[in-house]
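Only one structure is covered here, and it is reproduced in the block below.
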Amino acid sequence: MDEKQEPEGIVLTEAQLKSRRQRSIAIALALGVLVVLFFAVTLVKGPAVLVRPL
């Protein structure tokens, strides 16, 4: 019953794990830049962005 079990699924190498981490960081930075951009555009447009016909 105490047999050594191999991990199920795909086992990534160190290079693949590093690449995945770098890709995740790049995606997070891009998302952060988009959030800041949308926030800045909203501030530039001012309160007029809330005034619209119903």
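Using the 1.4 Å probe convention, the accessible area of the chain works out to 109 Å² per residue with neighbouring protein chains retained.
The loop-placed trypsin sites (Lys or Arg not before Pro) in the chain, going by DSSP, that have at most 10 neighbouring Cβ atoms within 10 Å of their Cβ come out as LYS4. Using only Cα atoms, tell me the angle between helix 14-45 and the longest principal axis of the chain; keep it within 0 to 90° and round to the nearest 10. Rounded to the nearest ten degrees, it is 10. VAL11 sits with roughly 100 Å² accessible to a 1.4 Å probe, with DNA, RNA and ligands left out of the calculation. Shape analysis of the chain places it in the prolate category; the axes a ≥ b ≥ c from the Cα gyration tensor give an a/c of at least 1.5, with a/b above b/c.
Computed over protein heavy atoms with a 1.4 Å probe, the carbon and sulfur contribution to the accessible area of the chain reaches 66%.
State to the nearest 20 debye the size of the charge dipole of the chain about its Cα centre, where the only charges are +1 on K and R beta carbons and -1 on D and E beta carbons. Don't jump to the answer; show the numbers that get you there.
Details: 7 positive and 5 negative charges, 134 e Å.
In total the dipole reaches around 640 debye.
The values are calculated or read from the model by the stated rules, or taken from the named source; none is laboratory data. Predicted model, so just to flag it, every value in this text is computed and none were measured. Cβ: placed from backbone, ideal geometry, glycine included. Neighbour counts: every protein chain shown. Each accessible area value is taken on the protein alone, full model and side chains, heavy atoms only, with ligands, DNA and RNA left out. Shrake-Rupley method; radii C 1.70, N 1.55, O 1.52, S 1.80 Å.
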